[in-house]
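Reviewing the structure listed below.
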Amino acid sequence: MQDELIIEPGKAEKNYWADLWRFRELFYILSWRDIKVRYKQTVVGAAWGLVRPLLTMLIFTFVFGKVANLEVKGGAPYPIIVFAGLLPWQFFSAALTEASNSLIGNTNLITKIYFPRLIIPASAIIVSLVDFAISFGLLLAVMIFYQYLPPIQILMLPVFIVLAFLVAFGAGLYITALNVKYRDFRYIIPFIVQFGLYVTPVGYSSTVIAEKYGEQARFWYSMNPVVGVIDGFRWCITGEPIYVPGLLLSIVVCFIFLWLGIWYFRKTEKSFADNI
């Protein structure tokens, strides 16, 4: 007896989220492939994950701490304060860049077989977590160098890692969908990343905003969801007091971005194979 293939209208839509689990092996394969490609035929391999944040930390420590005189007095050593802000920012910027080009880079796969396209940008963001883990190991080495013991709230750090992932995931989904439809959008992404570096408190504490412009300015400054993530990292790693109203605003904006990214991605997903 031959098997029958029944095509039911709308069945793919109803089973979409279940298909994400069914295609979990593809998620693993894409992630592992991207990790190997990233470090293949490089001179120092995975050490690039150490060199880049280390050099950036040194530059930021000099520019913001010595030249701009934004160094925070007391508490943790300033290089650790900078590194605590640099960790989530580099993860976010790398995840956003990788996710935005992920669909274009998998054109052959998208045009040949069916699977939930959400897997592609998600796997690209997971790859950025590898760099994050390497950089976090470097942060631990810096702590040992300065003989610095982090506070007990470092146990809450996974919560803010998840928040950083959600921010990057929501923004990445929206931008990668735009990048399929408007190819020249890829030229805007590096500008967004570069501009974002200076409007987030990476090399300085967000308390500087309150000192110069008042608490209300700091609250609206937290509409940048990465601000809340960085403040959370610094609270966990350095014990710097967290600005709760700003954190709550950043969380709300994070989930708005997440909803907007998923909604727009799903809305345009059917046309990816035609536009790509």
* Asked: surrounded by fewer than 15 Cβ atoms within 10 Å (Cβ to Cβ) and within 22 Å of residue 165 (Cα to Cα), is that true of residue 256?
  -> yes
* Asked: Would a scan of region 119-142 turn up a residue that is surrounded by fewer than 22 Cβ atoms within 10 Å (Cβ to Cβ), in contact (Cβ under 8 Å) with a residue 40 or more places away in the chain and not in a helix (DSSP H, G or I)?
  -> no
* To do: Might you check whether a residue that is at pLDDT 85 or above, more than 16 Å from residue 102 (Cβ to Cβ), surrounded by fewer than 12 Cβ atoms within 10 Å (Cβ to Cβ) and of a type in the set (A, V, I, L, M, F, W, C) occurs anywhere in region 160-176?
  => yes
* Would you mind stating whether residue 179 is buried (at least 16 other Cβ atoms within 10 Å of the Cβ) and either within 23 Å of residue 257 (Cα to Cα) or over 16 Å from the mean Cα position of the chain (by Cα) (or both)? => yes
* Asked: So, in region 222-235, of the ones that are surrounded by 23 or more Cβ atoms within 10 Å (Cβ to Cβ) and more than 14 Å from the chain's Cα centre (by Cα), which residue ends up farthest from residue 88 (Cα to Cα)?
  -> 222
* Scope region 119-167; condition closer than 14 Å to residue 81 by Cα, in contact with a Leu (Cβ under 9 Å, 6 or more places away or on another chain) and aromatic (Phe, Trp, Tyr); matching residues -> 136
* Checklist (1) at pLDDT 70 or above; (2) in a loop (DSSP other than H, G, I, E, B); (3) of a type in the set (Lys, Arg) applied to residue 73, failing item -> (1)
* Asked: So which helices (runs of 4 or more DSSP H) are wholly in region 173-271 and hold at least 1 residues that are among the small types (Gly, Ala, Ser), touching a residue at least 40 places away in the same chain (Cβ under 8 Å) and closer than 28 Å to residue 140 by Cβ?
  -> 189-198, 225-237, 244-268
* Taking only region 145-172 into account, find how many residues are of a type in the set (Ser, Thr, Tyr) and either touching a Cys at 6+ places or on another chain (Cβ under 9 Å) or not in a helix (DSSP H, G or I) (or both). => 1
* Asked: Looking at region 71-106, which of its residues are surrounded by fewer than 22 Cβ atoms within 10 Å (Cβ to Cβ), within 23 Å of the chain's Cα centre (by Cα) and farther than 22 Å from residue 161 by Cα?
  -> 101, 104, 105, 106
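The values are calculated or read from the model by the stated rules, or taken from the named source; none is laboratory data. Predicted model only: the values in this text are computed from it and were never measured. Note that each Cβ is placed from the backbone with ideal geometry, even for glycine, and that neighbours are counted across all protein chains shown.
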